[in-house]
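Just below is one structure, and these are the notes that go with it.
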Amino acid sequence: MNQPIASFVPLTTTLMDKHQESPGIFTLYLKLNTSAPFNFSFGQFNMLYLFGLGEVAISIMGWRNNLLLHTIRAVGRVTQPLVQLEPGQQLGLRGPFGYGWPLEQTKGKDIVFITAGLGCAPVVAAINHTVEHKQHYGRIVILQGVKHHNDLLWQTQYDHWQNTGNCQVLLAASEEYKHRYKWRLGMVTELLNFAEFDTENCAVLMCGPEIMMLAALKQLAKLHVADEAVYLSLERNFQCGQASCGHCQLGPFFVCKDGPVFHYPTVKPWFGLSGI
Amino acid sequence: MPPSKLAIAIHKLTSCSGCQLAFLNQGVVLLDLLNKVEIKHFIEGGINNFSAEVDIAFVEGSISTPEDLERAQHIRQHSKLVVSIGACATSGGIQALRNLSDENWLQAVYAKPEFVSSLQHSTGVAEHIKVDFELWGCPITIQQMNHFIQQLLLGSKPKPSGEKLCMDCKRQQQVCVLVTQQAPCLGPVVRTGCGALCPTFGRACYGCFGPSEQPNCDSLANQFAGLGLVSVEVAQRFAAIHSHSQPFRDQFHRWQTIHAKEVE
Amino acid sequence: MIKHFLARQHLDQLFSVLSNAGYQVVGPTVKDNAIVFTELSHVEQLPWGRQEIAKPGHYQLTDTSTNRCFAWNTGPQGLKPWLFKPEQPLWQAEQTEQGLCFRQASIEAHPIAVIGLRGCDLAALKLQDQHFLQGPYPDPYYQAQREQLFIIAVNCAQSAETCFCVSTGDGPEATHSFDLVLDELEEGYLMGCGSEQGQAIFQQLTLGPQVSKDQLHTAQKQLADASQQQRQMPDEDSLLKLTENLEHPQWQDVADRCLACGNCTLVCPTCFCSKQESTSDIKLQQAEQVRLWDSCFSEQHGYIAGKLFRPEIRHRYRQWLLHKLANWQQQYGRSGCVGCGRCISWCPVGIDLVAEAQILVKGTPHEPTDR
């Protein structure tokens with residue numbers, strides 16, 4: 001776990017640049033008002049504060065040219081005005097919190113990323129990292145499922161990932177009427193049958209709706225991928241990020257502190273139960 | 001963030017005009033508020049421009065007459081956001097008690113009832129036009145109003161909350177009147193917002209802020225009966241300020257039925 | 001522990017010695033028909049001759065035939081609100097010419113000496129300490145007041161009908177975390193010390209010689225009487241079975257009665273949930289982040305991005321019980337229930353935690369868990 005740069009009181013942060021990824025999805029480039037190093041791992045999250053409106057938990061997208069990247073989908077009462085900020089405007093930041101992806105422990109293995117829904121930032125950040133350091137990993141397989149092909153957020157990235165050589169990129173759209181060369185029809189879990197990876201020496205990194213992850217887990221079991229190879233990033237109501245407020249509990253876990261990335265065997269007894 | 005002043009209107013339908021005082025009773029804060037909003041229409045404050053185009057129309061009062069309905073539709077057409085304020089606008093108010101009665105009170109009260117033109121039922125605004133946000137309360141508070149405007153100025157509607165009165169009551173460490181006095185307090189099914197005013201003075205809540213999120217009125221009403229209230233008294237607990245709100249109306253009818261059976 | 005005798009007429013000395021040592025005395029008094037902890041200035045404010053009759057959904061004070069001031073067991077709140085405040089400003093944000101500035105809210109703590117806490121209250125204190133102080137992010141507001149806390153515990157001489165601390169192992173005797181401890185007898189108090197700070201106060205009091213065998217015997221007899229409790233929480237191993245009975249029909253049975261009002265969680269001395277609210281002034285210059293007591297019974301507790309993780313009341317009651325009685329064990333090494341019975345008496349519809357737990361730990365014909 002990395003020590004947060006600000007844990008209790010937010011740190012002032014300036015928006016330097018803003019890039020629209022797709023309708024409603026923006027990447028913010030933030031400058032932290034501190035000289036202290038910002039240590040994080042992919043999959044960790046920050047609490048971003050918008051003046052007077054409140055905080056929202058956002059997964060870390062990356063760090064580039066001394067700027068922190070957050071990719072945000074404008075859906076909520078804080079995220080909508082958040083992406084409307086203009087360069088030069090300021091916000092608050094606490095974090096990073098929680099545990100990220102095990103990108104060190106999984107070196108030497110084939111890596112399978114499974115994600116669904118609109119732009120799953122926690123997993124995209126990890127994909128970028130593994131692709132950049134592909135010499136440390138085996139094959140890299142990227143599976144993403146969406147409803148419509150327009151929802152495939154990282155249009156330019158897919159080609160980039162595919163063309164780096166080792167990456168197999170499989171995309172599925174469940175509510176398209178027509179098959180196109182880049183994507184298949186159906187659910188992301190069906191893509192697993194086409195994925196080429198060593199089921200005995202792999203790590204599966206998943207993020208997305210829990211119902212998708214449950215379906216993927218079933219499919220992985222059929223392919224004889226051990227539970228121990230699977231890691232999940234979970235979403236819950238994070239208000240403090242410090243395992244204090246109690247909202248993010250899943251069984252005995254505080255998702256903000258013990259997660260948001262979990263080794264699947266750890267959360268298995270509690271994962272996917274309804275009303276928990 | 002909206003850079004210029006918000007244009008607002010404060011409208012009144014069938015109501016006592018008390019909720020509008022949330023604007024006027026602010027004291028000096030009103031001066032700060034007027035730097036952020038421009039009031040285009042507010043009869044109680046002396047500004048009359050009913051058809052002004054506005055960002056937010058605050059609507060007080062219930063739809064009780066054919067004119068109310070026309071006015072509500074007109075307001076909708078001229079406003080970006082419509083916010084209903086107070087018990088009348090959110091659930092029909094006190095005057096909605098008439099919805100519960102089959103008897104012809106009009107005949108009994110007025111010498112010439114034919115001159116009274118009103119709809120059969122008094123209802124909340126959202127039953128007739130699209131409402132973007134509701135501020136519950138009888139009356140609403142200055143804090144509610146300002147929080148709404150302030151959040152909107154910052155770019156969002158406030159966090160919706162149907163939190164139960166008990167939560168606020170216990171945060172203030174008031175002693176539960178239901179448990180110590182067997183008082184028929186509606187706190188467990190009523191929305192917070194008043195600051196737990198009645199329990200603070202040792203009185204049972206009678207529901208000025210309307211039904212809370214997921215109100216288990218069945219269970220609470222059963223408890224009232226267990227504390228010794230007769231059926232008609234239980235029914236009456238739910239037939240006060242928000243009698244036309246679905247959960248309270250259902251409970252009223254449930255206990256009236258029980259009462260009717262008991263009489264038989 | 002060596003105990004000394006403090007005559008009843010010298011109890012006020014304890015108040016003045018504490019006051020001279022810089023402490024604000026906090027203790028029980030009768031307010032709004034209940035025993036409430038508040039700031040006290042003299043011993044007459046204590047609830048002399050008063051006792052509670054506590055039952056599920058019921059709490060009433062009655063006169064006792066004795067002239068004791070600790071003849072009661074619990075009020076609606078124990079120590080929790082003094083350390084984990086119901087409403088706590090966390091930090092402020094200000095738009096200045098230099099940009100957006102943040103500052104931590106001022107920490108308001110002062111020395112308090114709390115008199116009248118019971119074994120259950122101290123067990124709860126230990127658990128709240130674990131939650132607020134011993135994790136990776138100690139809470140500065142809790143910590144500041146905790147460091148200035150002096151505790152005068154009282155051994156229970158009787159139990160209320162709702163008490164079950166014997167079964168949770170937390171009472172009726174106060175065995176830890178106190179500076180001073182009292183047994184209340186008809187003729188006065190037996191006082192023992194639990195800390196150096198306690199010793200410093202102790203030495204300034206007009207105490208009798210070591211207490212007599214008879215007095216010790218009476219104190220023991222009182223504790224034995226208090227140990228006769230009607231309710232028994234299942235043991236911790238049994239409570240873990242709750243996690244196997246997620247589809248028990250009793251969850252719905254409780255949910256039909258449960259108001260989801262949150263009273264049980266807010267009177268519970270170990271519940272720690274909070275939520276944060278953001279506000280600004282109308283000039284949009286000064287904003288504040290405030291932490292408020294919250295409850296897992298609130299609809300918004302499990303809310304995220306348009307989804308409620310625990311949409312129904314049965315899910316929330318289940319969350320509360322599973323957490324308090326079972327998952328707490330994994331988080332903090334023991335059950336989160338200390339047997340005070342507050343959730344039973346202060347539930348407006350009288351849901352009895354112990355009775356429900358006893359039913360719920362028993363298995364049902366196996367039903368597949370809804371996944």
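The values are calculated or read from the model by the stated rules, or taken from the named source; none is laboratory data. All figures in this text were calculated on a predicted structure; none of them were measured in a lab. Here the Cβ is made from the backbone with ideal geometry for all residues, glycine too, and neighbour counts use every protein chain on show.
Numerical summary
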| read-out | value |
| --- | --- |
| Residue list for segment C:181-212, restricted to those being in contact (Cβ under 8 Å) with a residue 40 or more places away in the chain and aliphatic (A, V, I, L, M) | C:181, C:182, C:190, C:191, C:200, C:201, C:205, C:207, C:211 |
| Single residue of C:181, C:166 found to be within 22 Å of residue C:21 (Cβ to Cβ) and either under 21 Å from the mean Cα position of the chain (by Cα) or exposed (fewer than 15 other Cβ atoms within 10 Å of the Cβ) (or both) | C:181 |
| Filter result for residue B:86 (touching a His at 6+ places or on another chain (Cβ under 8 Å) and at positive phi) | no |
| Flag if residue C:147 is in the same structural domain as residue C:17 (by TED's automatic domain parsing), of a type in the set (Asp, Glu), at pLDDT 95 or above and surrounded by fewer than 24 Cβ atoms within 10 Å (Cβ to Cβ) | yes |
| Odd one out for residue A:91 among (1) hydrophobic (A, V, I, L, M, F, W, C); (2) in a strand (DSSP E or B); (3) touching a Lys or Arg at 6+ places or on another chain (Cβ under 9 Å) | (3) |
| Residue, nearest to residue C:162 (Cα to Cα), within segment C:186-203, restricted to residues that are surrounded by fewer than 19 Cβ atoms within 10 Å (Cβ to Cβ) and of a type outside the set (Gly, Ala, Ser) | C:186 |
| Selection status of residue A:18, at pLDDT 95 or above, part of a strand (DSSP E or B), under 30 Å from residue A:148 (Cβ atoms) and among the charged types (D, E, K, R) | yes |
| Answer residue from segment A:227-273, given it is polar (S, T, N, Q) and more than 7 Å from chain C (Cβ to nearest Cβ) and is farthest from residue A:94 (Cα to Cα) among those | A:266 |
| Subset of segment C:331-360 (residues that are more than 11 Å from chain A (Cβ to nearest Cβ), under 19 Å from the mean Cα position of the chain (by Cα) and of a type in the set (S, T, N, Q)) | C:335, C:345 |
| Count of residues meeting criterion [more than 13 Å from the chain's Cα centre (by Cα), farther than 20 Å from residue A:248 by Cβ and in contact (Cβ under 8 Å) with a residue 60 or more places away in the chain] in segment A:38-88 | 5 |
| Residue within segment C:43-53 that is in a helix (DSSP H, G or I), crowded, with 17+ Cβ neighbours inside 10 Å and assigned by TED's automatic domain parsing to the domain that holds residue C:185 present | yes |
| Test: residue in segment C:287-300 that is out of contact with any Gly (no Cβ under 8 Å at 6 or more places or on another chain), within 14 Å of chain A (Cβ to nearest Cβ) and more than 30 Å from residue A:73 (Cβ to Cβ) | yes |
| Some residue of segment C:184-197 being modelled with pLDDT of 95 or more, under 29 Å from residue C:327 (Cβ atoms) and part of a loop (DSSP other than H, G, I, E, B) | no |
| Segment C:83-120 - residue that is more than 27 Å from residue C:27 (Cβ to Cβ) and of a type in the set (Asp, Glu) and, of those, nearest to the other protein chains (Cβ to nearest Cβ) | C:94 |
| Segment C:11-23, residues that are buried (at least 16 other Cβ atoms within 10 Å of the Cβ) and touching a residue at least 60 places away in the same chain (Cβ under 8 Å) | C:11, C:13, C:14, C:17, C:18, C:23 |
| Boolean, residue C:170 is within 26 Å of residue C:85 (Cα to Cα), in contact with a helix residue (DSSP H, G or I) (Cβ under 7 Å, 6 or more places away or on another chain) and not assigned by TED's automatic domain parsing to the domain that holds residue C:335 | yes |
| Index of the failed condition, residue B:142 passing every other in (1) touching a strand residue (DSSP E or B) at 6+ places or on another chain (Cβ under 9 Å); (2) among the β-branched types (Val, Ile, Thr); (3) in the same structural domain as residue B:22 (by TED's automatic domain parsing) | (1) |
| Of the criteria (1) within 14 Å of another protein chain (Cβ to nearest Cβ); (2) more than 20 Å from residue B:139 (Cα to Cα); (3) surrounded by 19 or more Cβ atoms within 10 Å (Cβ to Cβ), which one residue B:32 fails | (3) |
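Yes/no matrix, rows are residues, columns are (1) modelled with pLDDT of 95 or more; (2) facing chain A (nearest Cβ under 10 Å); (3) at positive phi:
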| site | (1), (2), (3) |
| --- | --- |
| C:234 | yes, no, no |
| C:239 | yes, no, no |
| C:268 | yes, no, no |
| C:272 | yes, yes, no |
| C:302 | no, yes, no |
| C:313 | yes, no, no |
| C:319 | yes, yes, no |
| C:329 | yes, yes, no |
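This table checks each residue for (1) on the phi > 0 side of the Ramachandran plot; (2) touching a residue at least 24 places away in the same chain (Cβ under 8 Å).
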| site | (1), (2) |
| --- | --- |
| A:197 | no, yes |
| A:202 | no, yes |
| A:212 | no, yes |
| A:237 | no, no |
| A:245 | no, no |
| A:258 | no, yes |
| A:265 | no, yes |
| A:275 | yes, no |
